[in-house]
1. So how tilted is helix 311-330 from the main axis of the chain? Cα-based, degrees 0 to 90, rounded to 10.
2. Show which aspartates and glutamates lie in cross-link reach of Lys234 when reach means a straight Cα distance below 17 angstrom and same-chain residues fewer than eight apart are skipped.
3. Would you please classify the overall shape of the stretch 1-61 from the alpha carbon gyration tensor, given that a ≥ b ≥ c denote the square roots of the eigenvalues, rounded means a/c under 1.5, and beyond that prolate means a/b larger than b/c while oblate covers the rest?
4. Net charge near Glu270: determine it from the other residues with C-beta under 11 Å of the C-beta of Glu270, scoring Lys and Arg +1 and Asp and Glu -1.
5. Please go through the stretch 234-318 and write out the GluC sites (Glu not before Pro) that DSSP classes as loop and that have at most 16 other C-beta atoms within 10 Å.
6. Using the Cα gyration tensor of the chain, with a ≥ b ≥ c the square roots of its eigenvalues, what is the shape: rounded (a/c below 1.5), prolate (a/b larger than b/c) or oblate (neither)?
7. Rounded, prolate or oblate for the stretch 216-262? Axes are the square roots of the Cα gyration tensor eigenvalues, ordered a ≥ b ≥ c, and the cut-off for rounded is a/c under 1.5.
8. Less than 16 Å apart at the alpha-carbon level, and either on another chain or at least 8 residues along: which lysines does that give for Lys246?
Amino acid sequence: MMSRKYNVVVTRQLPEAGQILLQDASDIEFVQWTEDRPCDRDWLLQHAKGASGILLMLTEKVNEELINAAGPQLKVIASFSVGTDHVDRSILKSHNIRLGYTPTALTDACADLAVMLTLMSQRRGGESLRKVLDGQWPQMPWSPLLLAGPPIRGATVGFLGFGRIAQATLKRLLPFGIARALYLTSRPRERAREHYIGLLDGSGIPVEPAQDWREVARESDVVIVGCALTPQTKHLVGPEFLATMKKRAVLVNIARGPIVDTDALVKALEEEQIFGAGLDVVENEPNIPADHALLKQERCILVPHIGSANTETREQMATESVRNLLAGLRGENMVNEVVL
Ligand code: 8YV
């Protein structure tokens, strides 16, 4: 019998296809967190010792503490995510550790959710649902503008970040009759263009780079946050941004919570500086108590980070992260690897 060459830690039970791949890999020996919640840090630090690979989730910080706990044989981190803001890339680089991630698997699922949040914010879906659930419908006098919101047809949609998910969102919004798209990206123009070849030319609407965030805030009827969280994007949507937005505009965040300053957003909603917000993510998630100021805002819809939560997507993320892990261990090409 072949001896198992690599010790591996897996920080969550995976959807079935990923789990099978893991079990079928004859060259690994793995320990796995079995509870249906983020693994305890102490458990991870203890089991990382001597591991060559770790497959983990967004909830697990990859920092010096973890790398030191693992030891010098650690070769690969495979993250079950597109975002890598939980990973200290410089530490991995300096230790020659490869990083796998799953950027392509969840594009469609996250773009679907962006559309859902856009329409719900404009059409006051959260507020409407709340009224029905609270039993207010029988007492609501009908009037022509009852629960009316701005239309998507004719809207200018501004993207903060214009990667795969933003572009897939734009594609989905085209049939709704949007008039124009603006985007702000830190990618060099030509690299951004690589992705959207065909989208720009075939869209039939202007899809234009913005000069700066002010232009996105000022011009857009819908602002969609789809950029990575970096020191430069933290609180990019703050008091000034929100004050610059149109009163009839909505804000959608499907990226990372800290890109939007929550206090500023609460204030903007309270003072009706913007029309509404649809959020998949929020600062300090998941610690959002029922009495949080944001939840008191009728025009704010907050869902619990479900961007990639369709079953096929999660299966694909699982198989991709296992493949990345195995490829990293075996010195082969990963499905998707971060260039560190
Ligand atoms: C993940 C995400 O689905 O992949 C990401 O970066 O934000 C989510 O969509 C989830 O966090 C699983 O790791």
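1. 40
2. The qualifying aspartates and glutamates are Asp85, Asp88, Asp212, Asp261, Asp263, Asp280, Glu283, Glu285.
3. On the way: a/c = 2.50, a/b = 1.34, b/c = 1.88.
Verdict is oblate for the stretch 1-61.
4. -1
5. On the way: sites: Glu240, Glu270, Glu271, Glu272, Glu283, Glu298, Glu312, Glu315; in loops: Glu271, Glu272, Glu283, Glu298.
Hits after loop and neighbour filter: Glu271, Glu272, Glu298.
6. Numbers: a/c = 2.17, a/b = 1.75, b/c = 1.24.
Prolate, since a/c reaches 1.5 and a/b exceeds b/c.
7. Values: a/c = 2.15, a/b = 1.61, b/c = 1.34.
In terms of gyration-tensor shape, prolate.
8. Within the straight-line limit of under 16 Å, Lys246 reaches these lysines: Lys267.
Read the figures in this text as sums done on the coordinates, not as results from a lab. All figures in this text were calculated on a predicted structure; none of them were measured in a lab. Neighbour counts are summed over all protein chains in view; Cβ atoms, including those assigned to glycine, are modelled from backbone coordinates with ideal geometry.
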